[in-house]
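Chemist: Below you'll find the structure I mean.
The values are calculated or read from the model by the stated rules, or taken from the named source; none is laboratory data. Quick caveat: nothing in here was measured; it's all calculated off a predicted structure. Neighbour counts run over all protein chains shown; Cβ positions are idealised from the backbone, glycine included. Side chains included, ligands, DNA and RNA excluded: accessible areas come from the protein's heavy atoms. Shrake-Rupley method; radii C 1.70, N 1.55, O 1.52, S 1.80 Å.
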Amino acid sequence: MLRVEGLTKIFDNSTDQIAGGIRDASFTLEPGTFFTLLGPSGCGKTTTLRCIAGLETPDQGVIAVEGRTLFDTKMRVNVPVEQRSVGMVFQSYAIWPHMTVAENVAFPFTVSKQRRYSKAEIADGVRRALAIVDLDGFQERPATRLSGGQQQRVALARAVVHEPRLLLLDEPLSNLDAQLRDEMRSELKRLQSKIGITTVYVTHDQSEALALSDRIAVIDRGHITQIGSPQDIYFRPANPFVARFVGATNLLTGRLIGSANGKANVEVLAGRQIQCVVPQGIDDPASVAVSIRPESIRLVARAGGAAAAGENCLAGRVSAVTFLGASRRVDVVSDGVNLQVTTAADMPLPDDGEVLLIFAPERTVAVPGKVS
Amino acid sequence: MTATDARTGRWARLSARQQAILATLLIVILAALVLPPFLFLIQGSLTIAGPTYDSVSFGLGNFEAVIRNRHFVTTSINSLIFAAASALVALVIGWVTAWIVERTNAPLKGLAYLTAIISLGTPYILYVTAWLLFFGKAGPVNHLYRTLTGSTDVLINIYSMPGMVLVEGFLWSPLAFLLVGATLRNANPELEEAARVHGAGVWDTIRRVTMRLSLPSILALSMLVFIRAIEAFEVPALVGLPGRVSVLTTDIYSNMVARAPPDIGGASALSVLMLGLVLVLLYVYGRLSRHAERFATITGKGFRPRPFDLGRLRGVAAGLLVLNFVLLLMVPMLMLVWVSLLPFFQPVTAAAFKLISLNNYRTVLASGQMELLVNTLLVAVATATVAITLTFLGAWLAVRRGPGGWIIERLATIPLVFPGLILGIAVMQVFLRIPIPLYGTLGILIWAFIINYLPYGMRYCSSGMLQIHRELEEAAAICGASALTRLRRIVAPLLAPALVAGWLFIFLMSARALSLAILLAGPRSQTMAVAMFDLWGNGQGTELAALGLMWSMLMAMIAVVFYAMARRSAAGALGRA
């Protein structure tokens, strides 16, 4: 459906010598996929989206939708933005304040070069698009008299009214307050599966990405560092950056002792050996990071406690306890390194604070790279 | 009550009293500056001169005479046509230039800024004379026409209504460019991008989104230029009077200088009528600009606006920028350089080249023009300093809703209704009636200039003030700083960029103002603009060119500093100029 190959667009920033943009990005999407570009601000995710829309001209690469090449540096193809037939929701929504809701939504019809639409066709299309976002009846409302959430829905209706092949969303939830954001998030998910349109979504919010996406690409300083399903990204991060950026985790520096069949023995802390899964090959045995999610660790009192066979076990002492309502965060120091553990809020802790940390090898991931 | 309570209580009372004292002082000063010209102008308009000096009576006779005058209707209609047409010319040139510069990938954008910034420092009178020389009977345009056709007629008669409109439009187009540019820069580029993504081409996007979005602010701007053109004096006096096209301002001027004794009553009555007109227009402008802000959708995020790719049209756009630069800057400047090197005005011919010398520059430098320079700088510096000081304090009280803040704001913005010439007449009458011997000195000029530029100072200071979060001051108050200490230690340093920009703006405007100074300057208190006006009137165009060029160079340098400051301080820094 959407094919992006070797996409490169670099901005030279003369003031701080850090070149922004995206380098050599490649991915291919199946029809109907909800695809998310996830990364911290300034990583190049919005640049990638704008290149697909045609708002930026890439330095290099190929962009094709349903076999139609939109951009190709080698073949010297560059379809102008207005002929790419995509829908897009901007971060500021970009609802034109001098038009009514209906005029905003009807815009793709009224400027269409392919064919002329009759008044009835336009009115019908607008009504259907507004119905999808639950705003039917708001047609004549001036755009300046809409709340943030309503503006967002109008922007969405405008983006899908002409039934584009591709929907592009640039951080559409970031301008909403927390409660509205949750509401619109489920709304967006529902809409996308209802229309079944291939969607590229840009966000820096990992929980949004995990909740919405079929596939996620994590971008770090202009490079796509991992592409996969939300579960892949969360449970099998490809490197320390992904592990740390998506969800909270404990990252330990380690040394590879030996590996076989995707399993490995890694030495962490002061010479402790643990069992890990290795989703990717590790080239340098001395440069390994081990990621353990706080919720994957179980705490037991050291007095009388023991790990079951095949489980990893480290000893430590509780240094802080933070009550979070539904759960509790316990900080444990083991060999001088602080580890976070999430436990049930009512789980008793030993009075002397001496605990064992027990975690399954399947939830212990060894990735190549140093802990930064 | 403990000791500390008593102390903080006393601090609070003292602090409140400091503000109250300051507010009272400001209200008294501003009222003394702003109200007398009004009252004396109205009194003057109602005073009917009798056959002898003492036999005056009061009544509406002056108004009756003005309205009965058979020229009155023609003059009023001329004023409206002149103002509307020149606003249109200025806006069209300004909008096209601004759009090319702010929204496209055309090269040579620097030329537009160069043109605009240099025009900020150059006295209008100098520009007007340059274009008169260029388009005049013996100027290069008509000379070329006669040489090519063998005709003895002229191609362009600049001394006519179309000529006035053209020159006035040229004068205002750089400012229109800067103001339109500011609104285009502040617009959210995502609004245009959304149109492109959803299928609109470049032309559709301009027509249906860019133009429509900037329409309200363009309307407000054209109203502004319209008002300024109604109040204009330079072009009507230099182009209109010789061409026998009279407008309201030149009628008032003629009442004062072309008759002996001057018909102060008639001039005042006409002035009062004009004040009424300006008042109405300003009200409309206020409505329009409030409407304009409705569409201002600036988002906080640092956008990277993507300019339109004009493709092959880039060359055309660049050509327009070059044309703008040549017409508005090169032509007048080269014309002045040419004239300044000649003993008397001549078309550009081989014979004329033999006459070239620097004699005019020698004459100008030798003839004690130092006094002019000192006078003008003195007036400009004093005006800018006093006006900014008053409005700094006023804006602080007004924006922070201190005691009497709204009265101060009203008082400081009242002078907006005065066209320069009319304020001149009004201030003159004030000092003819009250026994303060300022008449004919630089003092009366500074006095009038301060009144005239108070609204501009207020604009700069309050827009700067609005950007300073009040918590910054409250934090200082919590630490125990009194009102005046907060003003000195917190507000003044933070407001410094806006203050400097406002100071430079008022300095530049007062250094080149003609209409306000022309009736107030005595023989010993001339300013540069007034001297240039006299030189032109005396037929000393060549010396005028030499003097004007040197002066403009100095002012252009100051204008560059101003522009750099204004760009940095605030979006609205160019304000209502």
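Chemist: Considering the stretch B:342-395 alone, what residues qualify as being of a type in the set (D, E, K, R) and surrounded by 12 or more Cβ atoms within 10 Å (Cβ to Cβ)?
Modeler: B:Glu371
Chemist: Among B:Asn157, B:Asn142, which is the only one that is crowded, with 17+ Cβ neighbours inside 10 Å and either among the polar types (S, T, N, Q) or without any contact (Cβ under 8 Å) to a residue 24 or more places away in the chain (or both)?
Modeler: B:Asn142
Chemist: Here's another thing I want to ask about it. Does A:Leu180 satisfy being under 22 Å from the mean Cα position of the chain (by Cα), away from chain B (no Cβ under 13 Å) and assigned to a loop (DSSP other than H, G, I, E, B)?
Modeler: Taking the combined requirement at face value, the residue does not satisfy it.
Chemist: In this structure, does B:Ile42 turn out to be open to solvent by 30 Å² or more (accessible area, probe 1.4 Å) and either modelled with pLDDT of 90 or more or not in a helix (DSSP H, G or I) (or both)?
Modeler: In short, yes.
Chemist: If I ask for residues that are over 25 Å from the mean Cα position of the chain (by Cα) and open to solvent by less than 50 Å² (accessible area, probe 1.4 Å), which ones from the stretch A:245-266 would you list?
Modeler: Of everything in the stretch A:245-266, those that are over 25 Å from the mean Cα position of the chain (by Cα) and open to solvent by less than 50 Å² (accessible area, probe 1.4 Å) turn out to be A:Gly254, A:Leu256, A:Gly258, A:Gly262, A:Ala264, A:Asn265, A:Val266.
Chemist: Out of the residues in the stretch B:194-208 that are farther than 18 Å from B:Val101 by Cα and within 36 Å of the chain's Cα centre (by Cα), which is surrounded by the fewest Cβ atoms within 10 Å (Cβ to Cβ)?
Modeler: The residue in question is B:Asp204.
Chemist: While we're looking at this one, here's another question. Please work out which residue is most open to solvent (accessible area, probe 1.4 Å), limiting yourself to the stretch A:106-117 and to residues that are in a loop (DSSP other than H, G, I, E, B) and more than 8 Å from every other protein chain (Cβ to nearest Cβ).
Modeler: Among them, the one singled out is A:Arg116.
Chemist: Kindly indicate whether any position in the stretch B:115-127 is surrounded by fewer than 17 Cβ atoms within 10 Å (Cβ to Cβ) and at pLDDT 90 or above.
Modeler: no
Chemist: Turning to a different aspect of this structure: Let me confirm something: among A:Ser41, A:Ser26, which residue is under 23 Å from A:Arg215 (Cα atoms) and part of a loop (DSSP other than H, G, I, E, B)?
Modeler: Numbers: A:Ser26 fails: part of a loop (DSSP other than H, G, I, E, B).
Going through A:Ser41, A:Ser26 in turn, just one is under 23 Å from A:Arg215 (Cα atoms) and part of a loop (DSSP other than H, G, I, E, B): A:Ser41.
Chemist: Against the definition (over 18 Å from B:Leu336 (Cβ atoms) and either modelled with pLDDT under 90 or surrounded by 18 or more Cβ atoms within 10 Å (Cβ to Cβ) (or both)), how does B:Thr152 come out, yes or no?
Modeler: Criteria met by B:Thr152.
Chemist: Go through the stretch A:124-134 and give me each residue that's modelled with pLDDT under 90 and open to solvent by less than 20 Å² (accessible area, probe 1.4 Å).
Modeler: Hit for the stretch A:124-134 is A:Val133, nothing else.
Chemist: If we keep just the residues of the stretch A:269-280 that are in contact (Cβ under 8 Å) with a residue 40 or more places away in the chain and over 21 Å from A:Val246 (Cα atoms), which is least open to solvent (accessible area, probe 1.4 Å)? First the steps, then the outcome.
Modeler: We begin by selecting, within the stretch A:269-280, every residue in contact (Cβ under 8 Å) with a residue 40 or more places away in the chain; these are A:269-270, A:272, A:274-280.
Applying the additional criterion that residues be over 21 Å from A:Val246 (Cα atoms) yields A:269-270, A:272, A:274-275.
Details: A:Leu269: 47, A:Ala270: 69, A:Arg272: 106, A:Ile274: 1, A:Gln275: 78 Å².
Restricting to residues being in contact (Cβ under 8 Å) with a residue 40 or more places away in the chain and over 21 Å from A:Val246 (Cα atoms), the top hit is A:Ile274.
Chemist: A further question follows. Here are the criteria: (1) closer than 30 Å to B:Ala387 by Cα; (2) modelled with pLDDT of 90 or more. Tell me which single one B:Ser15 does not satisfy.
Modeler: The failed condition is (2).
Chemist: Might you check whether a residue that is of a type outside the set (Gly, Ala, Ser) and outside any helix (DSSP H, G or I) occurs anywhere in the stretch B:332-341?
Modeler: Of all residues in the stretch B:332-341, those of a type outside the set (Gly, Ala, Ser) come to B:332-339, B:341.
Among the residues that remain, those that are also outside any helix (DSSP H, G or I) are: B:341.
Yes: one or more hits.
Chemist: Still on this model: Taking the stretch A:76-92 only, how many residues are more than 8 Å from every other protein chain (Cβ to nearest Cβ) and touching a Pro at 6+ places or on another chain (Cβ under 8 Å)?
Modeler: 1
Chemist: Looking at B:Ala112, B:Ala106, which is the one that is of a type in the set (A, V, I, L, M, F, W, C), crowded, with 16+ Cβ neighbours inside 10 Å, in contact with a helix residue (DSSP H, G or I) (Cβ under 8 Å, 6 or more places away or on another chain) and not in a helix (DSSP H, G or I)?
Modeler: The unique qualifying residue is B:Ala106.
Chemist: Oh, and also: Return the residues of the stretch A:167-177 that are over 15 Å from the mean Cα position of the chain (by Cα) and under 15 Å from A:Lys45 (Cα atoms); say none if nothing qualifies.
Modeler: Residues of the stretch A:167-177 that are over 15 Å from the mean Cα position of the chain (by Cα), as a first pass: A:167, A:175-177.
Passing the criteria: none in range.
Chemist: Only one of B:Leu281, B:Leu213 is within 14 Å of another protein chain (Cβ to nearest Cβ), touching a residue at least 12 places away in the same chain (Cβ under 8 Å) and either at negative phi or open to solvent by less than 30 Å² (accessible area, probe 1.4 Å) (or both). Can you tell me which?
Modeler: From the options B:Leu281, B:Leu213, the qualifying one is B:Leu213.
Chemist: Here's another thing I want to ask about it. So which of A:Glu121, A:Glu103 ends up being closer than 27 Å to A:Glu183 by Cα, more than 8 Å from every other protein chain (Cβ to nearest Cβ), open to solvent by 20 Å² or more (accessible area, probe 1.4 Å) and at pLDDT 90 or above?
Modeler: A:Glu103
Chemist: Are there any pairs, at least 6 apart or on different chains, whose C-beta atoms fall under 9 Å, with the first in the stretch A:9-24 and surrounded by 10 or more Cβ atoms within 10 Å (Cβ to Cβ) and the second at pLDDT below 60, and if so, which?
Modeler: Qualifying pairs under 9 Å: A:Phe11/B:Arg304.
Chemist: Can you tell me which condition A:Leu191 does not meet? The list is (1) modelled with pLDDT under 90; (2) outside any helix (DSSP H, G or I); (3) not acidic (Asp, Glu), and all the others hold.
Modeler: Condition (2) is where A:Leu191 drops out.
Chemist: Name the residue, out of B:Leu191, B:Leu171, that is buried (at least 22 other Cβ atoms within 10 Å of the Cβ) and within 14 Å of chain A (Cβ to nearest Cβ).
Modeler: Of B:Leu191, B:Leu171, the one residue that is buried (at least 22 other Cβ atoms within 10 Å of the Cβ) and within 14 Å of chain A (Cβ to nearest Cβ) is B:Leu191.
Chemist: Right, next: Go through the stretch B:421-440 and give me each residue that's more than 13 Å from B:Pro455 (Cβ to Cβ), open to solvent by less than 50 Å² (accessible area, probe 1.4 Å) and touching a residue at least 12 places away in the same chain (Cβ under 8 Å).
Modeler: B:Leu421, B:Ile422, B:Gly424, B:Ile425, B:Ala426, B:Val427, B:Met428, B:Gln429, B:Val430, B:Phe431, B:Gly440, listed by residue number.
Chemist: Let me ask another. What's the total number of residues in the stretch A:55-75 that are β-branched (Val, Ile, Thr) and either under 30 Å from A:Ala131 (Cα atoms) or facing chain B (nearest Cβ under 10 Å) (or both)?
Modeler: Qualifying residue count for the region: 2.
Chemist: Go through (1) among the aliphatic types (A, V, I, L, M); (2) closer than 27 Å to A:Ser193 by Cα; (3) surrounded by fewer than 21 Cβ atoms within 10 Å (Cβ to Cβ) and name the single condition A:Met75 misses.
Modeler: (2)
Chemist: Which helices (runs of 4 or more DSSP H) sit wholly inside the stretch B:358-420 and have at least 3 residues that are more than 26 Å from the chain's Cα centre (by Cα)?
Modeler: On the way: elements: B:359-366, B:370-399, B:405-413.
Passing ranges, in order: B:359-366.
Chemist: Test B:Ala49 against the stated conditions and say whether it is under 30 Å from B:Val165 (Cα atoms) and either open to solvent by less than 30 Å² (accessible area, probe 1.4 Å) or in contact (Cβ under 8 Å) with a residue 24 or more places away in the chain (or both). Break it down stepwise before answering.
Modeler: Details: under 30 Å from B:Val165 (Cα atoms): no; either open to solvent by less than 30 Å² (accessible area, probe 1.4 Å) or in contact (Cβ under 8 Å) with a residue 24 or more places away in the chain (or both): yes.
In short, no.
Chemist: Out of the residues in the stretch A:213-231 that are over 11 Å from the mean Cα position of the chain (by Cα) and farther than 21 Å from A:Val371 by Cβ, which is least open to solvent (accessible area, probe 1.4 Å)?
Modeler: A:Gly222
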